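Note sheet for the following structure.
The values are calculated or read from the model by the stated rules, or taken from the named source; none is laboratory data. A quick note: this is a predicted structure, and the numbers were derived from the prediction, not measured. No Cβ is skipped: glycine too gets one built from the backbone with ideal geometry, and neighbour counts run over all protein chains shown.
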Amino acid sequence: MMRFQRLIKFIYLLALLHIFNVGYSQKKMYLSYEFGVSLHAANFKNPQQNVDYKQDVPPIPAFVFTRQLHKSWYVEAGIYQGALGADMTKRGEFDSTSVQFTQEQIHVPVRVQSRMSVFDNHLHLFATLGANLIFSSGGYRFEFVTAKNTTQTLNKNVRYKPTYVLGELGAGFDLFLGKRFFIGGRYRFNLGFVNILDIEVSTFTNGENTIEEYFLTSSGSFHAFMLSLGFRIGKLDKVKKI
């Protein structure tokens, strides 16, 4: 898996060099570094209604390349480091019984972008539509944790799909501080179409004669809120310094 990650990064480096050499003087192109957080959607069910569900909200760093196709139409690709995580903890118990799942990921989106400029080309507004290919980075971590010696696991099933594709819709802006450098913000919604994660766990506590159940499913859908720092390469707009 480490070799696979290196291969993906190497391919994107070659693509960056190729786009830079070919498109520097011909088309508008933007290189940006993005960072932000993601909020994953999941379906949680606990028949006893005595469990708190918490999702991890990891930072998402990324490098993104945007290149003009024709007039206001652009193509965009990037490589993101993401994660999927969930923690279901029994409420009101001192033993902190919980079911935990974490998985590091690499996101490789390809988008079509429609961009318009206002305020003498200082502000660019855009919308995007595309697909996001998700790769798992290494093995996932799944744990059932309890401090009670009297609690035993009756059933524990995890089904996880390590590679999957999400549809993506997004919108954002870039504010140019001069001819080349800009800052911006983005919102993206990634939509999954089939379940990529199914967790089923049931436990029994001796003495209390109670059975606890945990169910979690996810299609991989998530919301992403990003900030960006970038610069323009290739053909320049006529932009006055602020």
Residue satisfying all of: in segment 77-92; free of Cβ contacts under 8 Å to residues at least 60 places away in the same chain and more than 16 Å from the chain's Cα centre (by Cα); farthest from N190 (Cα to Cα) among these: G92
Does L175 satisfy the criteria of being within 28 Å of F65 (Cβ to Cβ) and of a type in the set (A, V, I, L, M)? yes
Residues of segment 80-93 being surrounded by fewer than 20 Cβ atoms within 10 Å (Cβ to Cβ), not in a loop (DSSP other than H, G, I, E, B) and not hydrophobic (A, V, I, L, M, F, W, C), which ones? Q81, G85, D87, T89
Can you tell me which of (1) modelled with pLDDT under 60; (2) touching a Lys or Arg at 6+ places or on another chain (Cβ under 7 Å) is the one V22 doesn't meet? (2)
Could you please give the count of residues in segment 63-79 that are part of a strand (DSSP E or B) and more than 18 Å from L169 (Cβ to Cβ)? 7
Among (1) aromatic (F, W, Y); (2) modelled with pLDDT under 85; (3) surrounded by fewer than 16 Cβ atoms within 10 Å (Cβ to Cβ), there is one condition Y12 misses while meeting the rest; what is its number? (3)
When only residues in segment 55-66 that are out of contact with any Gly (no Cβ under 7 Å at 6 or more places or on another chain) and at pLDDT 85 or above count, which is nearest to G230 (Cα to Cα)? T66
Subset tally (residues that are surrounded by 14 or more Cβ atoms within 10 Å (Cβ to Cβ) and farther than 15 Å from L197 by Cα) for segment 141-151: 4
Quick test of your reading of the structure: E168 fulfils all but one of (1) modelled with pLDDT under 95; (2) crowded, with 19+ Cβ neighbours inside 10 Å; (3) not small (G, A, S). Name the failing condition by number. (1)
Would you point out the residue of segment 178-188, among those that are basic (K, R) and assigned to a strand (DSSP E or B), that is surrounded by the fewest Cβ atoms within 10 Å (Cβ to Cβ)? R186
Could you list all residues from segment 189-238 that are within 15 Å of the chain's Cα centre (by Cα), more than 19 Å from M88 (Cβ to Cβ) and outside any strand (DSSP E or B)? G192
Considering (1) in contact with a strand residue (DSSP E or B) (Cβ under 7 Å, 6 or more places away or on another chain); (2) surrounded by fewer than 19 Cβ atoms within 10 Å (Cβ to Cβ), say which one V99 fails and leave the rest. (2)
L154 vs. criteria crowded, with 17+ Cβ neighbours inside 10 Å, farther than 18 Å from F63 by Cα and among the aliphatic types (A, V, I, L, M): no
Verdict on A77 being under 20 Å from Q103 (Cβ atoms), at pLDDT 75 or above and not charged (D, E, K, R): no
